[in-house]
Amino acid sequence: MGVFGVFTARKSFKAAPVWSARRRGIFSVAVLFVGGSWLCAAGLFGGWSRPWMTLPLGASFVGMLPLPCYFAAVDRIRWLHVLRNIYFVAVALFCFAIAFGIVPLAWLGLAGATTK
């Protein structure tokens, strides 16, 4: 996810003296998405995953809701756009549920990671 986030973020990163509010928003969401993805990956790889690590990912999915989709067809086809937004809300809620302890890491097979 982090690599895809870097790939898509480079589309919005242009050397321009003044960035529009929309470009700043897209870039901010990309930073949250990439940072959150790499943070979770590092936690999984290092065996020190913590629930709070999913907060940036949840925030990035909430931030993606008003933004255009990377795939143009999703923005053109109304039902597909609605389906995308439902998916983003579900992922964000799941990430927040993990972060706030509603969904324990043990349910995801990461029980040993929280005891270190």
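The values are calculated or read from the model by the stated rules, or taken from the named source; none is laboratory data. Because the structure is a prediction, the values reported are computed rather than measured. Please note: Cβ atoms are built from the backbone with ideal geometry, for glycine as well, and neighbour counts cover all protein chains shown.
Residues of region 48-67 that are of a type in the set (Phe, Trp, Tyr) and surrounded by 19 or more Cβ atoms within 10 Å (Cβ to Cβ): PHE61 alone.
Just one of the listed residues (PHE94, PHE45, PHE33, PHE27) is under 17 Å from the mean Cα position of the chain (by Cα), surrounded by fewer than 19 Cβ atoms within 10 Å (Cβ to Cβ), among the aromatic types (Phe, Trp, Tyr) and at pLDDT below 95, and it is PHE27. VAL74 meets the stated requirement of being hydrophobic (A, V, I, L, M, F, W, C), more than 17 Å from LEU93 (Cβ to Cβ), in a helix (DSSP H, G or I) and modelled with pLDDT of 90 or more.
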